[in-house]
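Chemist: One structure follows; several queries about it will come next.
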């Protein structure tokens, strides 16, 4: 095995070598400073945008319709897609106080869909709405011609009407508690033909 050694003069730096090294160091230093400035500036810009994005997302996530908007939209759905309106605006954890006391959420929507399907020309009319905090009082009336079976009562061809007053407690864009009172007994009598049609008409004043 052979070992070789370069001449001593090969290790002696020249003036031109010093100049090249200074230029290289200067260039590297400039790049390092620029990189440091850029790295410091990018996070700062990102931080200035991040809170805005986060706050926007936060606000969007927690933006809910007002109690009046919720109840208005829900009762309007009676004249459109009631099942979708019920699913959107009535909480799955609803506490329900119906005509006959506490009832089940699924019984409410099933009964109202049954009524709507059995009345030709069905129309829901909201007569009044009053807001107090998270509660909305709605005075309403609906009716139509009895052309289908409703609650086991066969079609009579009579014009019938049901009116009542409901209270909804609205939290986070949904009704979480609902009370209703109305002339349901008269409505059933009208369906059966046991009461002259139109016996009870809600006042529009």
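Chemist: Please verify whether region 126-147 includes one or more residues that are modelled with pLDDT under 95 and assigned by TED's automatic domain parsing to the domain that holds residue 86.
Modeler: no
Chemist: From the list 169, 192, which residue is in contact with a strand residue (DSSP E or B) (Cβ under 7 Å, 6 or more places away or on another chain), at negative phi and modelled with pLDDT of 95 or more?
Modeler: 169
Chemist: Something else: Just one of (1) touching a helix residue (DSSP H, G or I) at 6+ places or on another chain (Cβ under 8 Å); (2) surrounded by 18 or more Cβ atoms within 10 Å (Cβ to Cβ); (3) closer than 19 Å to residue 131 by Cβ trips up residue 86, so point out which.
Modeler: (3)
Chemist: For region 155-175, what are the residues that are under 17 Å from residue 70 (Cβ atoms), touching a helix residue (DSSP H, G or I) at 6+ places or on another chain (Cβ under 9 Å) and crowded, with 16+ Cβ neighbours inside 10 Å?
Modeler: Result: 166, 168, 169, 170, 173, 174, 175.
The values are calculated or read from the model by the stated rules, or taken from the named source; none is laboratory data. Not measured: the values here are computed from a predicted model. Here the Cβ is made from the backbone with ideal geometry for all residues, glycine too, and neighbour counts use every protein chain on show.
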